[in-house]
Structure formats: C-alpha cells, structure tokens
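Comments concern the structure below.
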Amino acid sequence: MKDRKLLNIELGRVSTEEYKSLPDSGITVVLDNIRSAHNIGSAFRSSDSFKVDKVFLCGICATPPSALIHKSALGAENSVPWEYCANTIDAVRSLKQQGYTVISVEQTVNSVKLDHLTLHGCGSDPEMKYALVFGNEVDGVSQEVVDASDFSLEIPQWGTKHSLNVSVSIGVVLWHMRYLMSTNG
C-alpha cells in the first residue's frame with residue numbers, strides 16, 4: 001500500500017459540543033439571498049470545516065431544520081451557530097457596529113484579488129473580526145451590500161465563465177482566510 005487512507009476514527013474529529021467550545025476564529029459568513037438549500041448546506045459544511053463563528057442566513061435563504069440543507073451539511077447546521085436576518089443590509093450594519101471588517105466576495109471595479117489579500121498580521125490580533133458576504137447564485141451580492149462593505153474580494157479566474165458556484169467560492173475564500181490568519185497575513 002503506497003499511501004493508506006485514514007480511517008474516520010483517526011481524523012480526530014470533535015463532537016458538536018467540543019466544536020462549540022473551540023476558540024473563535026474571527027470569521028463570520030453572511031449569505032445574501034442564496035436560493036439553493038443545497039448551497040446553504042454546503043456553506044454550513046465548509047463553515048464547520050474552517051471553524052467559522054457564525055453563519056447569517058439572509059433574505060430568501062432557507063433555514064434549518066431542512067432536509068435539503070442537512071443533505072449537504074451532514075449535520076454541520078447543528079455545530080455552526082446561525083442566525084436568520086430578513087434583510088442582508090441589516091446584518092451587515094449590525095456586524096460593522098460590532099467591529100467586523102465586512103468583505104463582499106464579488107467582482108467589482110475596485111475588488112482586491114484573493115491572491116493579493118493581506119490581513120496585516122491579523123492572526124496575532126484576536127480582536128480582528130471578518131464578515132464574508134457571499135451572494136445569490138444569479139445576481140451575486142446586492143449592490144447595496146457591496147456599497148456598505150469595507151471592500152470587495154475577488155477570486156481570480158482564468159476560464160471563460162468567470163464565476164464559481166457560491167458553495168465553491170465559500171470553500172476557496174475560507175481556506176485562504178484561515179491560511180492567512182495562521183501565517184499572520
């Protein structure tokens with residue numbers, strides 16, 4: 001055997017209760033009118049994987065309990081704290097008042113490319129908090145929310161589509177943020 005796959009028992013997974021007692025990461029995810037419950041479930045699963053502090057489900061987003069969310073989340077909707085907010089802009093304004101840097105993941109005129117993002121040593125500053133806003137599968141992050149954000153972040157792409165499924169974007173950005181935070185940005 002060249003490279004034995006690890007068994008689930010060897011992965012060191014924490015229980016839902018242990019997850020909730022882990023230190024905060026300083027990252028919150030805001031979902032702006034996500035249509036697909038499967039995408040919401042995937043967002044929970046990625047959020048659990050990268051120890052996101054909270055997920056905000058805004059507007060038309062489905063909320064747990066939901067069989068469709070659970071199908072993709074595999075129970076992560078029970079480990080990651082979440083809150084429903086009828087209007088994304090209200091969630092963003094509240095997070096800004098709480099000291100979060102709000103980042104819309106969107107292609108804009110002045111967006112920062114993900115591979116150029118620096119967090120200025122945030123890993124060493126436990127007070128730094130980031131709210132990452134991910135938008136609707138068709139329309140993206142609403143312009144009102146983009147305008148209210150501190151800046152926009154864009155995932156560089158080289159193909160013909162120049163868009164990723166929102167659940168893929170969440171995984172890419174969360175991995176990069178946690179990497180930057182672990183290396184002091």
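Rule-based calculations on the coordinates, nothing more; no lab input. Because the structure is predicted, anything quoted here is derived from the model rather than measured. For neighbour counting, all protein chains shown are included, and Cβ atoms are generated from backbone atoms with ideal geometry for every residue, glycine included.
Checking each residue in segment 20-37 for being among the acidic types (Asp, Glu) and closer than 15 Å to MET177 by Cβ picks out only ASP24.
Do any residues in segment 131-153 that are under 14 Å from GLY59 (Cα atoms) have Cβ atoms under 6 Å from those of residues that are assigned to a helix (DSSP H, G or I) and of a type in the set (A, V, I, L, M, F, W, C), where the two are at least six apart or on different chains, and which pairs are they? Once the first residue is under 14 Å from GLY59 (Cα atoms) and sits in segment 131-153, its partners that are assigned to a helix (DSSP H, G or I) and of a type in the set (A, V, I, L, M, F, W, C) give VAL133/VAL145; PHE134/VAL166; PHE134/ILE170; GLU137/VAL166; GLU144/ILE89; VAL145/ILE89; VAL145/VAL92.
All conditions in (1) within 17 Å of ILE34 (Cα to Cα); (2) of a type in the set (Gly, Ala, Ser); (3) loosely packed, with under 12 Cβ neighbours inside 10 Å; (4) in contact (Cβ under 8 Å) with a residue 24 or more places away in the chain hold for GLY171, with the sole exception of (3).
If you check ILE27, ILE69 for being touching a strand residue (DSSP E or B) at 6+ places or on another chain (Cβ under 7 Å), touching a residue at least 12 places away in the same chain (Cβ under 8 Å), within 25 Å of VAL105 (Cα to Cα) and not hydroxyl-bearing (Ser, Thr, Tyr), only one passes: ILE27. Among the residues of segment 129-185, those that are hydroxyl-bearing (Ser, Thr, Tyr), within 16 Å of the chain's Cα centre (by Cα) and in a helix (DSSP H, G or I) comprise SER167, SER169, TYR179.
Output the residues belonging to segment 68-108 that are out of contact with any Ser or Thr (no Cβ under 9 Å at 6 or more places or on another chain) and farther than 19 Å from LYS129 by Cα. Passing the criteria: HIS70, LYS71, LEU74, ALA86, ASN87.
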